[in-house]
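*Asks:* Please see the structure below; I have some questions.
The values are calculated or read from the model by the stated rules, or taken from the named source; none is laboratory data. What you are looking at is a predicted structure, and each value in this text was computed from that prediction instead of being measured. In this analysis, Cβ positions are derived from the backbone assuming ideal geometry, glycine residues included, and neighbour counts consider all displayed protein chains. Remember, those area values only see protein heavy atoms, side chains included, never the ligands or the DNA or RNA. Shrake-Rupley method; radii C 1.70, N 1.55, O 1.52, S 1.80 Å.
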Amino acid sequence: MPLVRLGAVGYLNARPLVHGLDARTDLFDLRFDVPSKCATLLHDGEIDLGMIPSIEYLRGPGPYRIVPDLGIMSDGDVASVALFTRVPLRAVRTIGLDTSSRTSASLTQVLCREAWDIDPTFEPVPPDAAARVEEHDAALLIGDPALFLDHEAAGLTKIDLGAEWTRMTGLPFVWAFWAGPPDAIDANGIAALQQARDRGTNDSDAIADAYCGRSRAEACRRYLRENIKYRLGDRETQGLRRYYELAAMHGLVECAAVEFY
């Protein structure tokens, strides 16, 4: 088969899923982008398989399949996806939504309606602007900016979206996974992706050290060990389906069946 064009996320939490894949030039052509860019590339046919925000599975031009047993999940605190507020949550009237991840933006809207009983105005903003919460009552940040922001020094309250989802549903949340058209990858390629995950989770401390540097290494090690899960099992699939149901109920997507390779 020709090389599978992979679009991966460059954030720390995705690194264990791609550990060693840059050496698999017999199978893959690998590039890194922010989650929303991965989704756009997949929808436009510029990559064959993308590590896409989970909501984008429902927004593609045709039916997608999900690579089994792989993803970026949390079961409780996720630490790297959060709403940062400068006013009490019940007083939030405007939210700046980081455009880097459409899953997190949609989850914020679901939680506002289902968990927090607020109806704010949402304004899409790029990641650098999202950090300036003074322009809004609150801002959504994802990935490394959310993980490393010293919110207490900035006088902000951090509301962890993974924790809020699990508190509301009792289920894990699925942030992203490998997905593509039905014929994008064969069994050999799937096995290589699963093996990369196994290597990456075993070497997560070394990945954290290399990515974060000495000053942040311990915090990054804990994050990969304690906050992020990489096996997409039955409970995670239940959480994914529940998310799709709620997103569809609030008019954010049209729901569809969850299909795996």
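*Asks:* Is it the case that Arg167 is surrounded by fewer than 18 Cβ atoms within 10 Å (Cβ to Cβ) and touching a His at 6+ places or on another chain (Cβ under 6 Å)?
*Replies:* no
*Asks:* Would you confirm, using the coordinates I've provided, whether Ile118 is more than 30 Å from Ala191 (Cα to Cα) and touching a Cys at 6+ places or on another chain (Cβ under 8 Å)?
*Replies:* yes
*Asks:* Continuing with this model, one more query. Please go through region 71-124 and give me each residue that is modelled with pLDDT under 95, open to solvent by 60 Å² or more (accessible area, probe 1.4 Å) and either in a strand (DSSP E or B) or of a type in the set (Gly, Ala, Ser) (or both), ordered by number.
*Replies:* Hits for region 71-124 are Glu123, Pro124.
*Asks:* So, Gly239, is that one among the small types (Gly, Ala, Ser), open to solvent by less than 90 Å² (accessible area, probe 1.4 Å) and touching a strand residue (DSSP E or B) at 6+ places or on another chain (Cβ under 7 Å) or not?
*Replies:* yes
*Asks:* What tally of residues in region 9-51 results from selecting those that are modelled with pLDDT of 95 or more, in contact with a Cys (Cβ under 7 Å, 6 or more places away or on another chain) and either assigned to a helix (DSSP H, G or I) or hydrophobic (A, V, I, L, M, F, W, C) (or both)?
*Replies:* The number of residues fulfilling the criteria is 1.
*Asks:* Can you report the number of residues in region 132-157 which are open to solvent by 50 Å² or more (accessible area, probe 1.4 Å) and either closer than 18 Å to Leu12 by Cα or in contact with a helix residue (DSSP H, G or I) (Cβ under 8 Å, 6 or more places away or on another chain) (or both)?
*Replies:* 7
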